[in-house]
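Q: Here it is, the structure in full.
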Amino acid sequence: MRINLEAVIREHRIDDHQSCYVVDDFFENPDDLVQHAAANRALFEMPKRSYPGLVLDLDPAQCGEVHRFIRFRMSRLFAYGRSGLKYSAQLSLTTLQPEEFSWIQRLPHTDPRPDPRRMNYALLVYLFGDDKLGGTGFYRWRNREFLERAAALQREDPGGGLDIVRTRYPMFDEPARYMTESNDVAELLTKVQAKFNRMICYSGEVPHSAYIEDASLLSDDCNKGRLTFNAFASVIPAR
């Protein structure tokens, strides 16, 4: 897994306080990752939490250059410490159709933060050629506290909290779909268009979601579906 060290990092504003960063042609060997995913397709698993598809955990030893990018270059973009960094990486394949969703999968999400002293950042690389499979949307909650109370009920029961959100949000009586434009739960701030071998990195504290307008295009074939490389960093904010 080799990074293109000559690639240019561009800032993409999310709002007045947050940005994500975009790098095209991020990997020197992106096709190798697609081939690795296809060769290990039988090892992909459906996670217990809310990701709408299948994942394959990667050995950190495979991801040394990505780890160094997160430690040295991303730390300058987002102002966090280089020591104490916790890191994981996976290949992800979005496969679920909306009718298979739990209610919380219809919404953007933030990355879990078990330790309030730490912050989460994510790095994602699109590994599919059909940009109609969707990029990434960034959002602002309209009532964060209410949704957090409802989501707490969902952790024990996939249907938990649905009766509560239905009382406030009519969208939950409508047919399920992937989150794209603004609705009564969240406001779309911006989106990043998908492109093969495009990397984006961003704070996991910003609500975000795969921006999938046509779920019928999704596939469980790594050569055709919405395959991404995802890395997650739990970091200590700079003082």
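Q: Can you list the HN-Hα couplings for segment 167-178, worked out from phi with the Karplus curve (6.51, -1.76, 1.60; θ = phi - 60°), rounded to whole Hz and with x for Gly and Pro?
A: Ordered by residue, 3J(HN,Hα) equals 5, 10, 10, x, 4, 7, 9, 9, x, 5, 7, 5 Hz.
Q: Kindly give the semi-axes, whole Å and largest first, of the ellipsoid equivalent to segment 143-186, taking each as the square root of 5 times a Cα gyration tensor eigenvalue.
A: Value: 17, 12, 10 Å, ordered largest first.
Q: Moving on. Might you tell me the accessible area per residue for segment 75-148, computed with a 1.4 Å probe and given in Å²?
A: That works out to 46 Å² for each residue.
Q: Working only with C-alpha atoms, what are the Rg and Dmax values of segment 1-132, expressed in angstrom?
A: 16.1, 43
Q: Relative contact order for the chain using alpha-carbon pairs under 8 Å, separation at least 6, rounded to a whole percent?
A: 32 percent
Q: Could you pull out every residue, at least 5 positions away or on a different chain, whose amide H is within less than 5 Å of the one on S19? Hs are placed 1.01 Å off N in the peptide plane, and Pro or chain starts have none.
A: I14
Q: Turning to a different aspect of this structure: May I ask for the distance between the Cα centers of segment 123-180 and segment 219-237, given as a whole number of Å?
A: 18 Å
Q: Taking the chain as the reference, fit the longest principal axis to its C-alpha atoms, fit the long axis of helix 144-154 to the helix C-alpha atoms, and give the angle between the two in degrees, 0 to 90, nearest 10.
A: 90 degrees
Q: For the pair T190 and R73, how long in nm is the line joining their label points, each one 7 Å along Cα→Cβ?
A: A separation of 1.9 nm, rounded to one decimal place.
Q: Starting at the first residue of segment 194-204, write each ³J(HN,Hα) from the Karplus equation 6.51 cos²θ - 1.76 cosθ + 1.60 with θ = phi - 60°, in whole Hz, x for Gly and Pro.
A: 6, 7, 4, 6, 8, 9, 10, 10, 6, 6, x
Q: Relative contact order (percent) for segment 91-229, with alpha-carbon contacts under 8 angstrom and 6 or more residues of separation?
A: 49 percent.
Q: Ok, one more. If amide hydrogens are placed 1.01 Å from N in the peptide plane, which non-local residues have theirs closer than 5 Å to the one on E28?
A: When sequence neighbours closer than 5 places are left aside, the close amide H contacts are R2, I3, N4.
Q: Which of the peptides 15-22, 195-202 is most tightly packed, and how do the rest follow, judged by the mean count of other Cβ atoms within 10 Å per residue?
A: Those peptides, ordered most packed to least, come out 195-202, 15-22.
Q: How large is ³J(HN,Hα) for each residue in segment 54-62, as worked out from phi by the Karplus curve 6.51 cos²θ - 1.76 cosθ + 1.60 (θ = phi - 60°), to whole Hz, x for Gly and Pro?
A: Each residue's phi maps through the Karplus curve to give 10, 9, 10, 5, 10, 5, x, 5, 6 Hz.
Q: How far is helix 30-39 tilted, in degrees, relative to the longest principal axis of the Cα atoms in the chain, given as a value from 0 to 90 rounded to the nearest 10?
A: Value to nearest ten degrees: 60.
Q: Give me the Debye-computed log₁₀ of I(q)/I(0) at q = 0.10, 0.15, 0.20 Å⁻¹ for segment 98-239, equal point scatterers on Cα only, no solvent, two decimals.
A: -0.37, -0.84, -1.34
Q: While we're looking at this one, here's another question. Let me know the whole percent of all Cα-Cα pairs from segment 6-50 that are separated by more than 12 Å.
A: Taking all Cα-Cα pairs of segment 6-50, the fraction more than 12 Å apart is 74 percent.
Q: While we're here: Across the chain, how many lysine pairs, 8 or more apart or on two chains, come within less than 16 Å at their alpha-carbon atoms?
A: The number of close lysine pairs in the chain is 4.
Q: Now for a separate question. Over segment 1-81, calculate the relative contact order: mean separation of alpha carbon pairs under 8 Å at least 6 apart, over the residue count, as a percent.
A: 27 percent
The values are calculated or read from the model by the stated rules, or taken from the named source; none is laboratory data. This is a predicted model, so every value here is computed, not measured. Don't worry about glycine lacking a Cβ; one is built from the backbone with ideal geometry, like all the others, and counts go over all protein chains shown. For accessibility, only protein heavy atoms count, side chains too; no ligands or nucleic acids. Shrake-Rupley method; radii C 1.70, N 1.55, O 1.52, S 1.80 Å.
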